[in-house]
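Data block below; observations after.
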Amino acid sequence: MKKRYRTDFQTRQYMLSRDYEIFYYSDRNLGEVALHFHDYYEFYFFLEGDVSIQLGDTLCRVNPGDFLLVPPGLLHRPIIHSPAAPYRRFVFWISQEYCDSLQALSPDYLYLMRHVKESHSFLYSFDTVTFNGVQARLFRLIDETQSNRYGREAQCLLCVNELILHLNRLIYDRLHGSGRGP
C-alpha cells in the first residue's frame, strides 16, 4: 500500500499534540493566510512555490532549500504570489515544554532556538545535498508517526531529537566553522 505523506492544509494554528506535530503540505490555490503567532516553535522547510514569508515587519522571499525558524510570539504568515503554482513545504511544530525537556538532556539541542531569539536571523539557506538530508529526516519522522510498528513512540522521539540536533549542528557549523577534522 502506498504511504500517504501529504497533509491536507488546515488553517488551525494551535497544536493538538503535547510535544510536536509535523506536516507535509503540497497545495495550489490557497487563500490568504492571516498574520498569526504561536506559543511554540515553527520550523518551516520550503520546497517549491512563489512565496514570501512575512516575519513581523520583514518580508523574506523564500527559495527551495530554505529553512525558517519562527520562535514563539513572532507574528508571521506566508504571502503566496502565484496561487496556481504548486506550494510545497514541511512545517514542524515543537512545544516549549518539549524544548525544555531537550534542554535538560543537553544545551546543544537549543543552540539554534537561542541564536534565533538573540540574532533575529530566522532564515537559512541550504545547498541541495544538505537540504535533501534534512528532507530525508522529515520524511522518516512522518513515516514513523503514521506507522503502527513496535516502538513507534520511542522511535518518533528519537527522530525528533535527531532532527533538532542535526539542524543545530548545521547552523552551528555554518556560524563557527565545520567542526570536522582534517
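The residues of segment 60-84 that are assigned to a strand (DSSP E or B) and farther than 24 Å from residue 127 by Cβ, listed by number, are 76, 77, 79, 80. Annotation: of all residues in segment 15-55 being in contact with a Lys or Arg (Cβ under 6 Å, 6 or more places away or on another chain) and outside any strand (DSSP E or B), the one that is surrounded by the fewest Cβ atoms within 10 Å (Cβ to Cβ) is 35.
Contact map, segment 77-92: residues that are hydroxyl-bearing (Ser, Thr, Tyr) paired with residues that are part of a loop (DSSP other than H, G, I, E, B) and surrounded by fewer than 18 Cβ atoms within 10 Å (Cβ to Cβ), Cβ distance under 7 Å, separation 6+ or inter-chain. Pairs shown: 82/50; 87/28; 87/30.
Summed over segment 141-150, residues that are touching a strand residue (DSSP E or B) at 6+ places or on another chain (Cβ under 8 Å) and without any contact (Cβ under 8 Å) to a residue 24 or more places away in the chain total 0. Kindly indicate the residue of segment 59-76 that is open to solvent by 20 Å² or more (accessible area, probe 1.4 Å) and free of Cβ contacts under 8 Å to residues at least 60 places away in the same chain and also nearest to residue 163 (Cα to Cα) among those meeting that condition. Among residues in segment 59-76 that are open to solvent by 20 Å² or more (accessible area, probe 1.4 Å) and free of Cβ contacts under 8 Å to residues at least 60 places away in the same chain, the one nearest to residue 163 (Cα to Cα) is 72. Out of segment 114-158, which residues are touching a Pro at 6+ places or on another chain (Cβ under 7 Å) and buried (at least 18 other Cβ atoms within 10 Å of the Cβ)? Hit for segment 114-158 is 116, nothing else. Among the residues of segment 29-45, those identified as out of contact with any Phe, Trp or Tyr (no Cβ under 7 Å at 6 or more places or on another chain) and more than 22 Å from residue 109 (Cα to Cα) are 29, 31, 32, 33, 34, 35, 36, 37. Go through the residues of segment 151-169 one by one and say whether even a single one is closer than 18 Å to residue 90 by Cβ, free of Cβ contacts under 8 Å to residues at least 24 places away in the same chain and either of a type in the set (A, V, I, L, M) or part of a helix (DSSP H, G or I) (or both). Within segment 151-169, one or more residues are closer than 18 Å to residue 90 by Cβ, free of Cβ contacts under 8 Å to residues at least 24 places away in the same chain and either of a type in the set (A, V, I, L, M) or part of a helix (DSSP H, G or I) (or both).
The values are calculated or read from the model by the stated rules, or taken from the named source; none is laboratory data. Since the model is a prediction, treat every value here as computed from it, not as a measurement. Note that each Cβ is placed from the backbone with ideal geometry, even for glycine, and that neighbours are counted across all protein chains shown. Ligands, DNA and RNA are stripped out before the accessible areas are found, and what is left, the full protein with its side chains, is counted by its heavy atoms. Shrake-Rupley method; radii C 1.70, N 1.55, O 1.52, S 1.80 Å.
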